Amino acid sequence: MSTQSKDGTVSKAEQAYQTVQSKIASGEYGPGYRLVLGRIAADLGCSAVPVREAIRRLEAEGLVRFERNVGATVTGIDPTEYLYTMQTLSLVEGYATALSAPLVTAEDLAQAKAINAEMRECLEHFDPVRFTALNRDFHSALFTNCPNPHILDLVHRGWNRLGALRSSTFSYVPGRAQDSVAEHERLLELIEAKADAGTIEAAARAHRIATLEAYLKHSPASSTP
């Protein structure tokens, strides 16, 4: 949730949060990267106070952890954590997509189709970071109209929690990317045909679980419970 000052501008803490979160999501700040508050504050032209607030927020979302004698560092997501987070996200995002479906406009569908077309073009000269960014944009176009703000908040939290690892998930399983694009097309067809909520939710959930299973199958530590 954005924090704004009285004049409507984004607060320094929110700016710091968005900056660090985006760099974690892009992979620029990888697992183990040390977040030096003074350096970040200097880059943003602010004091360390809003940066500390942003780091605490990222810690609450599981993207950052504090280590004794080290400070704040970017966390990775181990296969077990990835499993639990993806299972949860499959439930809340599937439901959010189903609730959003009746409210998806022709413009929303056109945007989602255009994004998926870009994703298909990405397959020829595969760029996993670019593909992942487009993937998030695609799903956002479909669930953003969810009328339940609490469910929508859970979806955003899930995506943010996966940010550090999601930037490279398709690097581990590039073959999954092509299947993902095809499943997107099927999901668009269901929404455009005004399929019932249960069918849309099941398709969205199965899509998420398929990515989870593909990753865990190729993970070095696939012996998750």
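Overview of values
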quantity	calculated
Added length on full extension, which subtracts the Cα-Cα distance from 0.36 nm per residue, ARG56 to VAL36	5.9 nm
Calculated over the chain: convex hull of Cα atoms, volume per residue (Å³)	139
Net lengthening on full extension, LYS113/SER11 (0.36 nm per residue, minus Cα-Cα)	33.3 nm
Residue-wise HN-Hα coupling along region 81-91, computed from phi with Karplus coefficients 6.51, -1.76, 1.60 (Hz; x: Gly, Pro)	5, 4, 4, 5, 5, 5, 4, 5, 5, 4, 6
Full-extension gain in nm, GLU121 to ASP137, via 0.36 nm per residue minus C-alpha separation	4.2 nm
Region 12-74: relative contact order in percent, alpha carbon pairs under 8 Å with at least 6 residues between	42
Counted charge near ILE209, where neighbours are those whose Cβ lies closer than 14 Å (Asp, Glu -1; Lys, Arg +1)	-1
32 Å Cα-Cα threshold exceeded, pairs from LYS12/LYS194; LYS113/LYS217; LYS23/LYS217	LYS12/LYS194
Spacing of the two label points (7 Å from each Cα toward its C-beta) at ARG68 and ALA106, in nm	6.4
By average C-beta atoms within 10 angstrom, highest first, the peptides 102-113, 141-152	141-152, 102-113
Globularity index of region 30-98, i.e. its alpha-carbon radius of gyration over 2.2 N^0.38 Å	1.40
0 to 90° range, to nearest 10: angle between helix 48-60 axis and the chain longest Cα axis	40
Residue-by-residue Karplus 3J(HN,Hα) for region 187-202, coefficients 6.51, -1.76, 1.60, Hz, glycine and proline x	5, 5, 4, 5, 5, 5, 7, 6, 4, 5, 4, x, 5, 5, 4, 4
Label-point separation, GLU28 to GLU192 (7 Å along Cα→Cβ), nm	3.6
Theoretical ellipticity at 222 nm over the chain - DSSP helices of four or more residues, -39500 (n - 2.57) apiece, nearest 500	-23000 deg cm²/dmol
Computed FRET value (nearest 0.05) for GLU185 with ALA210, which takes r as the C-beta separation and R₀ as 22 Å	0.95
Degrees separating the helix 106-122 axis from the principal Cα axis of the chain, which is the longest one	80
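All of the numbers you see were taken from the coordinates with simple rules; none came from a lab. Remember, predicted model here, so these are calculated numbers, not experimental data. Note that each Cβ is placed from the backbone with ideal geometry, even for glycine, and that neighbours are counted across all protein chains shown.
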